[in-house]
Amino acid sequence: MVNLKVPCRPIIAYRPIRPSDLVVLEKLHSELFPIRYESEFFHNVVNGHDIVSWGAVDRSRPNTQSDELIGFITARIVSAKESEIEDLLSFDSSKTDQTLVYILTLGVVESHRNLGIASALIHEVIKYASNLSTCRAVYLHVISYNNSAMLLYKKMSFQCVRRLYNFYFINGQHYDSYLFVYYVNGGRSPCSPLELVALFVTFAKSGFKSVAAKLWKNEERKISKWPKCKESGCLLPTVQNKRMSTGEVSRCTFV
Ligand SMILES: CC(C)(COP(=O)(O)OP(=O)(O)OC[C@H]1O[C@@H](n2cnc3c(N)ncnc32)[C@H](O)[C@@H]1OP(=O)(O)O)[C@@H](O)C(=O)NCCC(=O)NCCS
């Protein structure tokens, strides 16, 4: 289907957000989000106070609009130790300066959606985070009903790591949120895939040992029950007995 609102060939460019974006940025936030942000937040974004941000513009729009924001992403660097996802990181406790990048807001105007703009903005944040040697992950919250955003994060290989009940309170109603994480610079959860494999191997080994031990016990018990089995005519060759599962043993016992 042709989107009539977007020029045939939008020319999307990405640039830092500037003080001249203030009004449009405020307008876009009030249109796209159910949450109201304080004016201090917008001032911090456009002036780069504690917040990093990128904007998307469509250069193919008429002159007056060619530099107007059609998308944005804002983020903040936070200390890993003080963050709510501290327990989701495998820490080197000697490194106290580890950081995370928390995505505060992300939005694209409706007319320019599904063109990969949000993906490109997230890429900017990931690139930025990856270039910070102290940074271990990028993370964010998403309200539980925002399926398109969740699909986007999953597609970008973010991991959904936690559900936070009643995280948002909007217009008198509570909503859950999901926490998504994208690890960078060797950052990882305390149970990385490698650790899980190692855990599984150890578990499998100890499981095998205990099964073997149980079988051995059964074997010993069976020897004492031999006469009974013998009587019932279900005596099996020794080799086969060693491979018996517990079920087979009991079948033998009760025949
Ligand atoms: C969520 C949002 C930022 C996506 O922006 P976008 O520029 O359209 O996203 P992209 O084009 O980069 O989408 C990339 C992927 O995200 C997923 N996606 C995005 N919008 C989707 C939708 N409406 N339905 C299903 N999947 C969607 C798809 O997997 C898509 O990949 P595909 O096009 O190959 O299928 C945009 O819809 C938006 O601004 N929504 C309102 C504000 C908001 O919810 N912000 C996020 C807060 S956490």
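The trypsin sites (Lys or Arg not before Pro) found in the stretch 97-165 that occupy coil by DSSP, while having at most 16 further C-beta atoms within 10 Å, are R113. In this simple spin-label model, placing a label point 7 Å from the Cα along the Cα-to-Cβ direction at both E84 and S111 gives a separation of 3.5 nm. Look at the alpha carbon pairs under 8 Å that are at least 6 residues apart: their mean separation over the length of the stretch 45-194 gives a relative contact order of 21 percent.
Between the stretch 35-112 and the stretch 116-138, what's the alpha-carbon centroid distance in Å? Their Cα centres are 10 Å away from one another. Dimensions of the stretch 12-190 based on its C-alpha atoms, expressed as ranges along the principal axes with the largest first, amount to 53, 39, 31 Å.
The numbers here are math on the coordinates, done by the rules we state, and not lab data. Note that the structure is predicted; figures quoted are calculated from it, not measured. Please note: Cβ atoms are built from the backbone with ideal geometry, for glycine as well, and neighbour counts cover all protein chains shown.
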